[in-house]
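Participant: A single structure is presented below for examination.
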Amino acid sequence: MYDKVCRVAKGVVMEKKINAAAAYAGISQAEVARRIRTSPQQFNKRMKRAAFTDTELSKIAAAMGAEYESYFVFPDGTRI
């Protein structure tokens, strides 16, 4: 049950982040989908499931004129 709740929460957070980034870039979610060469319907389904790899998130970011970074940061500045 906990895993399911965590996945749902992760999906909501990522969906909000992508929507906020698209709004900041001045483009719609549908336009982001077209720029990454998928249908708006398919993109929306994947958004609901948070079914994106880091590589796909990088492509989504590039479609919005941004960069996607995902890493752990340690006190000494090391990023993994």
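Participant: Mean separation of Cα pairs under 8 Å and 6+ residues apart, divided by the residue count of the chain: what relative contact order is that in percent?
Facilitator: Taking the mean separation of contacting Cα pairs over the length of the chain, I get 27 percent.
Participant: Springs between alpha-carbon atoms under 10 Å, Gaussian network over the chain: tell me which of SER58, SER28, SER70 tops the mean-square fluctuations.
Facilitator: SER70
Participant: What does the charge count near ALA22 come to, summing +1 for each Lys or Arg and -1 for each Asp or Glu among other residues with Cβ under 13 Å from its Cβ?
Facilitator: Local net charge: +2.
Participant: Right, next: If the cut-off is 14 Å between C-alpha atoms, which aspartates and glutamates fall inside it for LYS45, apart from same-chain ones fewer than 8 positions away?
Facilitator: Straight-distance partners of LYS45: GLU15.
Participant: Then there is this: If r is the Cβ-Cβ distance from ARG37 to LYS16 and R0 is 25 Å, what FRET efficiency results, to the nearest 0.05?
Facilitator: In this case the efficiency is close to 0.60.
Participant: Within the set of other residues whose C-beta is less than 13 Å from the C-beta of SER39, count the net charge using Lys and Arg as +1 and Asp and Glu as -1.
Facilitator: +4
Participant: Computed from these coordinates, which is P(r) over Cα pairs in 10 Å bins from 0, in percent: (i) 20, 48, 23, 8, 1; (ii) 17, 47, 26, 9, 0; (iii) 14, 35, 28, 17, 6, 1?
Facilitator: Checked against the structure: label (ii).
Participant: On to the next question. Could you list ILE80, ILE18 so that the one with the fewest beta carbons within 10 Å of its beta carbon is first and the one with the most is last?
Facilitator: So the ranking, lowest neighbour count to highest, is ILE80, ILE18.
Participant: ³J(HN,Hα) across segment 21-32 via Karplus (A = 6.51, B = -1.76, C = 1.60, θ = phi - 60°), whole Hz, x for Gly/Pro?
Facilitator: Those phi angles translate into 5, 5, 4, 4, 6, x, 10, 7, 4, 4, 5, 4 Hz.
Bear in mind these aren't lab numbers, they're just calculated from the coordinates by the rules spelled out. These numbers come from a predicted model, not from an experiment. Positions of Cβ are generated from backbone atoms using ideal geometry, with glycine treated the same way; all protein chains shown enter the neighbour counts.
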